[in-house]
1. At 7 Å along the Cα-to-beta-carbon direction for both B:GLU418 and A:SER506, put a label point, then send me their distance in nm to one decimal.
2. If you count the DSSP beta bridges with both ends in the protein assembly as shown, what percent of them are antiparallel, to the nearest 5?
3. Give the span of segment A:155-303's Cα atoms along each principal axis, as three whole-Å numbers ordered largest to smallest.
4. Calculate the spin-label point distance for A:ASP381 paired with B:ASP135, positioning each point 7 Å from the Cα along the beta-carbon direction, and give it in nanometres.
5. Work out how much length A:ASP301 to A:SER76 would gain on full extension: take 0.36 nm times their residue separation and subtract the Cα-Cα distance, in nm to one decimal.
6. Can you work out ³J(HN,Hα) from phi for every residue in segment B:313-318, in order, using Karplus 6.51 cos²θ - 1.76 cosθ + 1.60 and θ = phi - 60°, giving whole Hz and x for Gly and Pro?
7. Would you pull out the residues with amide H under 5 Å of A:GLY341's amide H, same chain only if 5 or more places away, H placed 1.01 Å from N?
8. In 10 Å bins starting at zero, report the fraction of Cα pairs in chain A per bin as a rounded %.
Amino acid sequence: MPKVTINNEEIEVDDGTTVMEAAAQLGYDIPHFCYHPALSIPANCRMCLVEVEDNPDLQPSCHMPVNDGMEVHTESERVVKARKSVLEFILVNHPVDCPICDQAGECKLQDYYMAYDAQESRLRTEKVDGVKVYPLGPEVVYDGERCILCTRCVRFCEEITETDELTTAQRGDHTEIRTFPGQELDNNYSMCTVDICPVGALTARDFRFKCRVWLMNTTDSVCTGCSQGCNIHLDHFRNEVQRYRPRYNPDVNDYWMCDPGRYTYKEVHQDRLEDPMVGDNVVNWHAATQAYVSTMDEALDTFEPSERAMVLSPQVSCEGLHQARRFADEVLETDRLYMGGKPGGESDDLLMNADKNPNRRGIEYVFGGLEAVDSFESLVDAMEAGEIRVLHMMNKHIPTTDDALRARFVDAVADLDLFVLQAMHRGEMVFPPDHRGDFPAADLDDPTLVELADIALPSSSHAEQDGTFVNEDGIAQPFSQSFKPLYNSQPDWQIFGRLGDEMGHSLSYRRLADLREEMFGDAEDDAKPKTLDDKQSKSRAPADAATQPTPAE
Amino acid sequence: MDEKILSKFFDRDDGHKLEVYEDHGGYDAARKAAEMSREEIVNEVKASNLRGRGGAGFPAGVKWSFIPQETEEDKYLVVNADEGEPGTFKDRQIMQRDPHQLIEGCIITAMALDLRYCYIYIRGELKFTEDIIQDAIEECYDKGYLGEDIFGTDQDLDIYTHISAGAYICGEETGMIEGLEGKPGKPRIKPPFPAIVGVFDAPTLVNNVESIACVPPVINRGAEWFANLGVEKNGGPKLYGLSGPIKNPGVYEAPSGITVRELLESPEYGGGMKEGKELKAYIPGGSSCAVLTPDELDREMSFEAMREVGSNLGTGCVTFVDQDTCMVRLAARLAHFYHHESCGQCTPCRDGTGWSAKVLDAIEAGRGRHEDLDLLEDMTGQIEHSTICALGPSLTFVVHSYLDKFPEEFEAHIEQGECPFPSWSLDDTKPAAAE
Ligand SMILES: Cc1cc2nc3c(=O)[nH]c(=O)nc-3n(C[C@H](O)[C@H](O)[C@H](O)COP(=O)(O)O)c2cc1C
Ligand code: SF4
Ligand code: SF4
Ligand code: FES
């Protein structure tokens, strides 16, 4: 293993370690633009130059492997001067339009300028004109003047999606990023190029000019778009989600997330069921709970346990499902449980899974397997056979794309004696949303489930509560509350607690932590998601805690 | 030089024909090499003191010895015929008038290093030479000089010509390799050097046209003879292209290490400055070399002698500059060249070349300020040690040497607010005969 001296400190590193990586292990954060830990290394930006003794040329630390006995200086006068110069060279043709740039506030160029340059400008020459608004594809817009030509976006499309849409065109300071003729930047991950663009050259159509980044707060969360459970930064401002950005987790999503998943943030704000309803009337929680208690009490008296059923939603957190289990068990006293959730959809080899529900494995975990949960189709059959009279359903999703089955279900719901819907959405818009996450309005000839419900209870999204999803690989991933429940909604675990308490059972918890302890704490080991414990802490502090520190993105 | 080695057919119209070449002992060297071991050939080239003629002057034999011999994969020879250095026009003479000397050089080189394929990478503007070279290649195939088991050895060799899409940067060896692979000419980071990872990731020898054309005489007449034609560490005859307002511009063959004065003044070569023209400066080997003043006229044309004074022998094509030429304008012109030709990968070269061109333009136009001189010096100094290839640093040599050698011209522009030299028009470039 080679030993290298960096700024007079010696360190032994693995063979093949680069100078930048070795420096990171000693705590030196060498500035860089083109280097990205997940991509190949072109060493073109020259921001990371360091001085290597006995070498007349400065060397790109991102590219240079450590040799035994090498002596490196990352903070010498020559290096500091070179950094200043690279920043100055970048600014020669840069428009410095930070006031109107979406990247301002999270821009590497701004940050490094403040850290390493911040000198009086020596530029008097005219700048090269570039394209200012150039759509590369449906989601991403390019600004050639802000581009520093680090080629991160090009390499992403070559190496991660392997779709090869992008290239550099022209040469010298006229170089710009372009798609190949006849192509668009239109892959499932195109917006990741916006994330990795170190400057404001690539912007997402969806986020352009929407919100200054310093106004937003950020919460660690998990995407609900599919069962992969990509870790995200949920950026929000004034109780509104502004965007999702992927959060590094080497076990789940690396640095990436898919475009359709990224757009699912819109579900937090669109088509929401805002208030409790009894029949057609908007009521408050007190009135809704009273109505629930009286109608359900009567129904429990009238119908056998086998005539009562519950539809579980894999959209809901483990905490909500834990309470659903207890509610079905202790209050409804039924074991007729059915699988709800969104129907399957598109998948690919990278991250996107066909199961569009984030927590199917959570149901498996909470209910100790899926044997106890029957298919949606069998629910419809049982309803049509008149076997089920009382149904408590979580979420308005109907887990099928088969129109006939949907229609049969809606018809059967109309025949129920008691139908309670506990849902985030009104169902007046259609799932799935279009590519931009906007929901087309539904063809409202048919009544919605909310309209059919005797009682409808608004539940909160994952952005409004703490919770846990278990992804397709069985990794339990906590997510945090970004803002208080919107409208008059409540988290599912609280709704069940409240209803259960009012029905004369002791179901509620004062604190979520108590529920979690009960749920995770005394579970049988083999029933547990296999990586539950270790991943829980890991996904909160994902910065590769298990291995050596690596250079930042 | 009495005996012409590299240029013996330059004033004949039929020198490109195999028949003529063979009448003058052509392909004898290849036959001789076929009897030699690989090692013997390499050692001969090493001992000949042949230096790369593409600009960097790397000892050819040493570079050859970097090509790994124990590999199974096919290895490549790439002949750099992209001659694009401003002021340089020597390789094209070989390509046009003596292609067989080049091909014979390729054959011997391939025998020496077991190179299976050879590409001759021809500058787009020199496309007319492709037909000539291609015809010569066909003649060789017909004779069995190319193809399988050439000259009775077990060496196979196929030669292809490749026309560059046209960019100065494709003359840089790794930019050229990218170009050969069908990609934009963006130089690669070295190491690994082409000798290890070259075209199609295989070991690749890259040599300049003239370097390869020197190989047959080395083998034919021996390393010692070749080395003795030159000076210490710079062996053999050399092609010099002379340009500028001199009496006899053109390409001349002369020994390595000849003095610049002899090249300029001897009636055999440049014949002196034109009537009424006085020498103010010269650029020894293409625009990327630092400019020198007449007090360095007695310098030897060797890599060592030129490096002593901070310049370079480069391609050995000398540009002479007369007293009426504005050095600021010349520097600006060259800066525009490097700006135009920068591939745009490295930040310092991409943005620094254009910036210096614009600052030099401003000075030339009388809009300069004294601070601009420090700015130029400082800013171009930051390009030198911080780029992937040598194109960016070339601009540093240009700007620094012009600032250093002709500060008074820069000051005069700034102080007078205009260029003190006569204005320049296209008419000045017309040959004298047209007047
Ligand atoms: C910007 C640039 C342009 C170059 N152009 C040429 C060229 O046109 N012809 C050439 O032979 N070498 C050129 N070179 C040098 C080559 O990179 C390489 O060193 C040379 O071809 C090696 O051959 P030699 O060792 O026989 O000289 C250039 C180098 C640079 C940095
Ligand atoms: S658009 Fe962004 S990521 Fe792509 S090359 Fe330009 S600066 Fe780099
Ligand atoms: S120095 Fe200039 S020409 Fe060479 S690789 Fe860098 S940008 Fe391209
Ligand atoms: S050259 Fe190392 S980060 Fe760009």
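The values are calculated or read from the model by the stated rules, or taken from the named source; none is laboratory data. Predicted, not measured: the structure shown is a model, and the values here were computed from it. Cβ atoms come from the backbone with ideal geometry, glycine included; neighbour counts cover every protein chain shown. Quick note on the areas: whole protein, heavy atoms, side chains included, nothing else; ligands and nucleic acids left out. Shrake-Rupley method; radii C 1.70, N 1.55, O 1.52, S 1.80 Å.
1. In this crude spin-label approximation the distance works out to 10.1 nm.
2. Numbers: 57 of 99 bridges.
Antiparallel bridges: around 60 percent, rounded to the nearest 5.
3. Rounded to whole Å, the extents work out to 79, 33, 31 Å.
4. 8.6 nm
5. On the way: separation 225, 0.36 × 225 = 81.00 nm, distance 8.25 nm.
Net length gain for the segment: 72.8 nm.
6. After applying 6.51 cos²θ - 1.76 cosθ + 1.60, I find 6, x, 8, x, 9, 8 Hz.
7. Amide H to amide H, under 5 Å and 5 or more residues apart or across chains, A:GLY341 pairs with A:HIS397.
8. Result, from short to long distances: 3, 16, 24, 21, 15, 10, 7, 3, 0, 0 percent.
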